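The values are calculated or read from the model by the stated rules, or taken from the named source; none is laboratory data. Please read all numbers here as calculations on a predicted model, not as lab measurements. Positions of Cβ are backbone-derived with ideal geometry, glycine not excepted, and every protein chain shown enters the neighbour counts. Each accessible area value is taken on the protein alone, full model and side chains, heavy atoms only, with ligands, DNA and RNA left out. Shrake-Rupley method; radii C 1.70, N 1.55, O 1.52, S 1.80 Å.
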Amino acid sequence: MIQKNLGFTLIELIVVMALIAMAAALVVPRINASQSTLFQSDVREALTVLKYGRRMAIIQGKDSTVSLQSNSQQTERPKRLNPERWIARASSLQCQSKQNEEDEKDSKKDEEKKKDMTCNITFYPEGGSSGSEILLSFQHYRAKITLNPLTGKASWEMLEHERE
């Protein structure tokens with residue numbers, strides 16, 4: 001009578017574990033890259049809306065106001081881009097305008113209110129703006145958009161990663 005071997009050999013188990021490890025090594029970095037891509041898309045969209053608002057103020061010869069808003073305040077994102085209003089996909093938003101700095105020093109207790117908010121920026125026909133610093137954050141990614149009050153031009157920089 002021949003006895004059948006019903007188990008796996010050590011070599012078969014090692015080969016299967018090696019295949020699982022290689023598949024995981026390929027999938028995990030792509031997940032992190034997609035999160036970074038989503039955040040960078042939010043930053044580019046916000047910059048585009050700000051540049052459009054400045055351009056419209058100059059062309060039309062009257063003040064133009066742009067509204068940036070965190071997604072947590074909106075249940076669903078509009079299907080098409082509104083040139084005067086931007087809603088983040090995933091990012092939270094903090095806005096510090098020059099006129100609000102004094103108010104923020106007095107109300108540091110409202111940290112939760114500051115986390116998710118709407119930021120209104122006014123552009124003037126001469127090209128200037130109300131000036132503001134906008135901090136976008138998503139998980140451990142952070143970027144700062146700075147609006148020059150004299151020229152109204154937006155510049156941005158990626159900030160250091162915050163690892164938890």
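Amide H contacts for T65 (H built 1.01 Å from N in the peptide plane; partners 5 or more residues away or on another chain; cut-off under 5 Å): F123.
Averaged per residue, the stretch 119-164 has 55 square angstrom of accessible surface, using a 1.4 angstrom probe with ligands and nucleic acids left out. In this structure the stretch 7-62 gives 71 Å² per residue of accessible area when probed at 1.4 Å with all protein chains present. Measuring only protein heavy atoms, the 1.4 Å probe finds M17 accessible over about 130 Å².
Here the 3J(HN,Hα) profile of the stretch 36-49, calculated from phi with Karplus coefficients 6.51, -1.76 and 1.60 at θ = phi - 60°, is 5, 5, 4, 5, 5, 5, 4, 5, 5, 4, 4, 4, 5, 5 Hz, Gly and Pro shown as x. Between L159 and R142, A143, K144, the built amide H atoms are under 5 Å apart, and every one of these is 5 or more places off in sequence or on another chain.
If R0 is 35 Å, the Cβ-Cβ spacing of M22 and A90 corresponds to a FRET efficiency of close to 0.75. With R₀ set to 30 Å, the beta-carbon distance separating E157 from R55 gives a calculated FRET efficiency near 0.85.
Under 5 Å between amide hydrogens, built in the peptide plane, is the criterion, and for M117 it picks out S70, L93 among residues at least 5 positions away or on other chains.
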